[in-house]
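Working notes, structure below.
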Amino acid sequence: MPEVSISKKGLKVRPTSAREYYTFYLSQHSNRTNRRMHFIGTTIGMLLLASAVINQNYLHALYGVIAGYGMAWVGHFFVEKNKPATFQEPLYSFMCDYLMWWDIARGNIAF
């Protein structure tokens with residue numbers, strides 16, 4: 001598995017898995033406030049998705065996406081002052097957001 005390396009412009013080698021990308025992803029979330037905003041936004045997003053399914057009101061799913069990405073992007077642009085990873089690797093970024101959420105929930109990463 002090739003190692004993903006980071007330059008000031010982002011990734012030098014394209015990752016082949018979410019786990020491989022995760023190291024880079026975490027480097028873009030070094031600010032604790034940014035991680036908190038991601039965790040809260042993702043939690044709200046998951047709750048609204050569950051609400052959409054339970055209540056069969058799929059507008060809640062849209063609100064969940066807006067809440068999740070909105071909080072994350074505010075965290076990047078105004079707190080961490082970097083470009084969201086979503087713009088480089090949308091699928092891996094989405095997957096890694098949930099990996100980071102899980103690591104924060106288990107106490108492996110500081111909230």
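Laboratory data are not the source of any read-out in this text; all were calculated from the coordinates shown. These numbers come from a predicted model, not from an experiment. Reconstructed Cβ throughout: ideal geometry from the backbone, glycine too, with neighbour counts over all protein chains shown.
At-a-glance table
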| read-out | value |
| --- | --- |
| Estimated FRET transfer efficiency when R0 is 30 angstrom, pair Met46-Arg14 (beta carbons, to 0.05) | 0.60 |
| Rg/Rh ratio calculated on Cα atoms of the range 68-108 (Kirkwood radius) | 0.99 |
| Relative contact order for the chain, counting Cα pairs under 8 Å that sit 6 or more residues apart, in percent | 27 |
| Net lengthening on full extension, Trp102/Lys81 (0.36 nm per residue, minus Cα-Cα) | 5.2 nm |
| Under Karplus coefficients 6.51, -1.76 and 1.60, residue-wise ³J(HN,Hα) of the range 50-62 in Hz, glycine/proline x | 4, 4, 4, 6, 5, 8, 6, 10, 6, 5, 4, 5, 4 |
| Tail weight of P(r) past 23 Å, computed on alpha-carbon pairs of the chain, percent | 30 |
| In nm, spacing of pseudo-spin labels at Val53 and Leu26 (7 Å Cα→C-beta vector) | 2.8 |
